Each structure stands twice: as structure tokens, then as C-alpha cells.
1. For the range 21-40, give me the residue count where each residue is at pLDDT below 95, closer than 11 Å to Trp9 by Cα and either touching a strand residue (DSSP E or B) at 6+ places or on another chain (Cβ under 6 Å) or not β-branched (Val, Ile, Thr) (or both).
2. Checking Thr123 against (1) closer than 24 Å to Leu25 by Cβ; (2) out of contact with any helix residue (DSSP H, G or I) (no Cβ under 9 Å at 6 or more places or on another chain), which test does it fail?
3. Would you point out the residue of the range 152-172, among those that are at positive phi and not aliphatic (A, V, I, L, M), that is surrounded by the most Cβ atoms within 10 Å (Cβ to Cβ)?
4. Give the residues of the range 106-148 that are in contact (Cβ under 8 Å) with a residue 12 or more places away in the chain and under 18 Å from Gly68 (Cβ atoms), sorted by residue number.
5. Of all residues in the range 187-212, which are of a type outside the set (Gly, Ala, Ser) and over 18 Å from the mean Cα position of the chain (by Cα)?
6. Only residues that are more than 13 Å from Asp5 (Cα to Cα) and either part of a strand (DSSP E or B) or hydrophobic (A, V, I, L, M, F, W, C) (or both): list them for the range 177-211, please.
7. Do you know which residues across the range 156-176 are in a loop (DSSP other than H, G, I, E, B) and under 16 Å from Asn234 (Cβ atoms)?
8. Looking at Thr193, is it surrounded by fewer than 18 Cβ atoms within 10 Å (Cβ to Cβ), touching a Pro at 6+ places or on another chain (Cβ under 9 Å) and among the β-branched types (Val, Ile, Thr)?
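The values are calculated or read from the model by the stated rules, or taken from the named source; none is laboratory data. Quick caveat, the model's predicted, so the values are computed rather than measured. For neighbour counting, all protein chains shown are included, and Cβ atoms are generated from backbone atoms with ideal geometry for every residue, glycine included.
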Amino acid sequence: MPVFDCHSWLGGSIVPGMAQSVETLANAMEHAGIDRALVFSAHARMVDPLAGNRLLRAVVDRSPALYGCLVGHLNRPESSIGAMRELMPKRRFLALAVMGRTPEEPISTAMADELLNAYRRYTKPIMVYALNAASVRGVQEIARAYPMLRVVMLGMGGRDWRQAIRAAHATTNIILETSGSLECAKLEVAVETIGAHRLVFGSWSPHTSAPAAMAMIEDAPISDDAKRRILWDNAVRLFDLDAAPSADGE
């Protein structure tokens, strides 16, 4: 079945000692059987959102299998909003990732308000890391404050995935992304609790091996229909990709 990876990093990694070029990303996707990927710019995360996201645009415009997730940094709002206004109207940019100092840092509504108020004009999803219970609470707070936005919880709560599932059950505009803890059990519980239509696949490559992330889905005790939804159908619907983007990305 086809696979859409909703969480892959390009460039100098947010994890020390790990990096991913266009070539290594393409090779990793081929090896893991991934057909399309939503890509985040590490340069935008670590150096400058405007420059980093512009570099990402150059990559996705010449790579039909790749799409851009614009990285906005809480500590660089001016550059982030500039990147947002320039690039979010492009069809190859599918979402906004709201980033803090580290992926583990909880992000509250108060911290994210400046970026999210500027983003409300767009109908595309936002993505926020949640790798612990405090971060899950932050994502839920954001989702409730911005009910008009679809909020993708990157990392699915880490080892606190049960709390992430409870948050998604209580807050219907939250979508869970499957990276984080590589536990098949979390997929079974999530499908039973909120339904397979509320999950999307993400590898978190290169932090996590893409084949390992794929294996978690393949080995999970859920139906083939649920796997198909998680691996492909839900991402296509979430990002409105029924029609292929034009070649120039406009």
C-alpha cells in the first residue's frame, strides 16, 4: 500500500550527530517503501526560519515526492511570520510546525499566540511536538484555543501516549502522528478509542529509522484498512492532496 510520511527532517539535524540531505532522504524513503514525505527544515529550526524555509522551497519545488512543512520558531516570530506570508500560499507547503527550543519543550497557547494569530487566515493544519505529558497538555490547550485549526500532535505523547490518546478523544481537532515511542500497543488503543481516521504516519527521520517506524505500523494488531488509512488516506485528506500540486508549486 502507498505510504505518506508526515514527519521527516532535512539538513543539519535537531539531534546532534544526525543530518539528512536530499539524497539520503530519497534513499531512506526508497528503502522503507515511502512514496511521499512532508519535510521540515532543520536550518529553519536552528538558524533562521525565513532562510531555512526558502531553502526548503527550492528542494520541494524540484522534488515531486516531497512537500514542505514550514517551521516557525517561537523565539524568532518576525522571521517566522515573514516566511509564513511568503510561503504558506504555495501549494507545496502543507502545514506549519510551531517549534520551541527543543522538541521536548511544552508549548502553551500564550507562547504560540503571536504565530498562530498570524496563521489563522490559512486553512492548513498546524503541527506541535508532544513528547511528554506536559507537552500533551500544551497541544490540547492550543487545539481548544484554535478550534478552527486542525492540530497534529507530533510524537503522539512519547511514552505518555495514553494521555495523548485521551487528549485527542476529548478534543476533536487533534490528529495524532505516530512517531515517538515505537510501541505497537499505542496504535491498537488509539484505533479503538478515536478511530483510525484520526492518525497519520510519521517516521521522525533521521531521529528514528524510517524502516523501524514502518515496522511498528506493519506489526500493529490493527486491520489492513486501518493501516491503509494511517499510512496514506488520512494524510491525503488532511493536506487536501486529491489533486496533485502544479509544477511550480503556486
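1. The total comes to 2.
2. If we test Thr123 against (1) closer than 24 Å to Leu25 by Cβ; (2) out of contact with any helix residue (DSSP H, G or I) (no Cβ under 9 Å at 6 or more places or on another chain), just (1) comes out false.
3. Gly155
4. Across the range 106-148, the qualifying residues are Leu115, Ala118, Tyr119, Tyr122, Lys124, Pro125, Ile126, Met127, Val128, Tyr129.
5. Residues of the range 187-212 of a type outside the set (Gly, Ala, Ser): 187-189, 191-194, 197-201, 204, 206-208, 211.
Glu188, Val189, Val191, Glu192, Thr193, Ile194, listed by residue number.
6. Keep residues of the range 177-211 that are more than 13 Å from Asp5 (Cα to Cα), which gives 180-198, 207.
Within the range 177-211, Leu182, Cys184, Ala185, Leu187, Val189, Ala190, Val191, Ile194, Ala196 meet the criteria.
7. Matches in the range 156-176: Met156, Thr172, Asn173.
8. Numbers: surrounded by fewer than 18 Cβ atoms within 10 Å (Cβ to Cβ): yes; touching a Pro at 6+ places or on another chain (Cβ under 9 Å): no; among the β-branched types (Val, Ile, Thr): yes.
Taking the combined requirement at face value, the residue does not satisfy it.
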